[in-house]
Amino acid sequence: MSARNLLILLAAGGSLALLLGAFAFQYLGGLAPCVLCLWQRWPHAAAVALGLVALAFGGRFLPVLGALATLASAAIGLFHVGVEQQWWEGLATCTVNTMQGLSGADLLNTDISVGAPAACDKIAWMFMGISMPGWNVILSLLLTGIWLLASRRD
């Protein structure tokens, strides 16, 4: 396997690992994602798809697009960290958590709208003093660097 393909596999695999981790926190850990959490996932999904296409067809352009995808996720994550830390205001939908205060009967009531994402301005989980979107920023920037290295290889 060429160094380029190994770097692409590492970068796309990193995005896949981040997505799987997010789904594990959601479905196994019970942490409902907020709107910004969901937005951070889409660029990683694009990076995985770009990685598969880049492995199949080669070229320098696709790894650059992979880098832009992970950079986009990092940018959304940085905005999310700022919302969590109250550095700036989030989106209008960020501070609403319509799941709070609902009973089991409410969940079965078709007249009540449920299932909205969690609040963006609340820190749901931290490791080493860094929240989930903070870790996404760090890891996405690392993946961006790997994508850019891959774009420089033939």
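Among all residues of segment 82-101, there is at least one that is in contact with a strand residue (DSSP E or B) (Cβ under 8 Å, 6 or more places away or on another chain), without any contact (Cβ under 8 Å) to a residue 60 or more places away in the chain and part of a helix (DSSP H, G or I).
Within segment 38-49, being closer than 18 Å to S131 by Cα and out of contact with any helix residue (DSSP H, G or I) (no Cβ under 7 Å at 6 or more places or on another chain) holds for one residue alone: L38.
Of all residues in segment 124-140, those that are at pLDDT 95 or above and surrounded by fewer than 18 Cβ atoms within 10 Å (Cβ to Cβ) total 1.
Per the conditions (1) surrounded by 20 or more Cβ atoms within 10 Å (Cβ to Cβ); (2) modelled with pLDDT under 85; (3) farther than 18 Å from A32 by Cβ, the sole criterion not satisfied by C94 is (3).
The values are calculated or read from the model by the stated rules, or taken from the named source; none is laboratory data. Not measured: the values here are computed from a predicted model. Don't worry about glycine lacking a Cβ; one is built from the backbone with ideal geometry, like all the others, and counts go over all protein chains shown.
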